[in-house]
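What follows is a set of notes on a single structure, which appears directly below.
The values are calculated or read from the model by the stated rules, or taken from the named source; none is laboratory data. Model, not experiment: these values are computed from the prediction. Every residue, glycine among them, receives a Cβ derived from its backbone with ideal geometry; neighbour counts consider all protein chains shown. For accessibility, only protein heavy atoms count, side chains too; no ligands or nucleic acids. Shrake-Rupley method; radii C 1.70, N 1.55, O 1.52, S 1.80 Å.
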Amino acid sequence: MDYRKGHHDLGDGCHAWLQPDGSWGWSNSGLVVGSGASLMVDTLFDLPLTREMLEGLRPVTDRYPLRTLVNTHSDPDHVNGNELLAARDVEILASEPAAALMTQEALDAVAKVKHLPGTLGDFARHIFGPFELDGVTATGPDRTFTGQESVDVGGREVRLIQVGPAHTPGDALVHVPDARLLYAGDILFVGGTPIAWAGPIDRWIDALDLVLDMDVAAIVPGHGPVSGKPEVSEMREYLVTVEAQARRRYEEGLDVDAAIASIDLGRFADLPEHGRLAQNVLNVYQQLDPTVPRPDRLTVLTKIAALEGFDPAWITSP
Ligand SMILES: [Zn+2]
């Protein structure tokens, strides 16, 4: 599968909008068409990118008007374009825990970090440089679900399956059974490092096992190229490795920072965004000992920057 930016027709009335290189903020969307209607899976990190996608998908949506949007989870790179769909009277769905996090406050906190002084601001300007995060209006769902939900898209069944907390508190999969296709959201990262903001990591591994047991031939990840079960197994192996390594260090009495510094991930060590190991180890420690502090995402970003040896000279202007 070629991994170029834009519209990919996956066959059977299923489409993807891919955004290489899949690193911070470069997320994917999906589109499923039925008779006279379509359903979108996730919007993008900012309004210009989402507008560009909506324009690029018009050859499809002019024939199959957008009726429904599903957000796979609450992270801004999957919901920040929601207001553009709300303005078109598209019904927005998300899991209940995801909906609770899709607030203006959460969105503004991410936008603000690009304006901070110091290393954290520099790192945010490096990873979020290309995105216009100011002036986005938080737009949550019209309807929420928990567990499993079936959505009718012009006579066609699309299944929503809540699997979080894993990557975030409200992760959901979007399954199109008659096309044997799955939109995995950020339950699957391909070609980069997954980050367990919520966890527990065991639960994320369970979600990947569920995917491995599903009757699916193609999987659109939240970040990365269109993939299949081998990529799911590969990411599962990453999580199993991190979990085992972090647990061993916890049992040896190392503190979190010492554990992060001493882990050698072998073949996963050079993955893009490998510094996300910092959050993943922290997550394992928090599961093993609930008294381990839960720093906010910004503090974690500082740890990730340090682990990747971030230098402000890396910053590219937008
Ligand atoms: Zn994402």
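Tabulated data for the structure shown
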| read-out | value |
| --- | --- |
| Paramagnetic reach from S233 in region 164-191 [backbone N under 18 Å; point 7 Å along Cα→Cβ] | 188-191 |
| Separation in nanometres of the label points that stand 7 Å from Cα toward Cβ, at D213 and L298 | 4.2 |
| Probe 1.4 Å - accessible area at L307, Å² to nearest ten | 60 |
| Relative contact order for the chain, counting Cα pairs under 8 Å that sit 6 or more residues apart, in percent | 17 |
| Probe 1.4 Å, all protein chains present, accessible-area order of M214, M40, largest first | M214, M40 |
| Förster-model FRET efficiency, 45 Å R0, E132 and R159, C-beta, rounded to 0.05 | 0.85 |
| Rounded tilt (10° steps) of 47-56 against the dominant C-alpha axis of the chain | 40 |
| Apportionment of accessible area to carbon and sulfur, the chain, percent (1.4 Å) | 50 |
| DSSP-defined beta bridges in the chain - what % are antiparallel, rounded to 5 | 65 |
| Gaussian network model of the chain, springs between alpha carbon atoms under 10 Å - residue of P48, P295, P97 with greatest fluctuation | P295 |
| Region 105-124 versus region 184-263: alpha-carbon centroid distance in Å | 26 |
| Exposure of S150 as accessible area (Å², to 10), given a probe of 1.4 Å and all protein chains | 70 |
| Full-stretch length increase - W314, D9 - with 0.36 nm per residue and alpha-carbon distance subtracted | 106.3 nm |
| For R125, solvent-accessible area (1.4 Å; no DNA, RNA or ligand), Å² | 70 |
| FRET efficiency, 1/(1 + (r/R0)^6) with R0 30 Å, evaluated for H115 and L288 via beta carbons | 0.25 |
| Chain lengthening between D257 and R203 when straightened (0.36 nm per residue, less Cα-Cα) | 17.1 nm |
| Karplus-derived 3J(HN,Hα), 6.51/-1.76/1.60, for each residue of region 65-72, Hz, glycine and proline x | x, 5, 10, 9, 10, 10, 9, 6 |
| GNM flexibility winner over the chain from D206, D122, D21 (Cα, springs under 10 Å) | D206 |
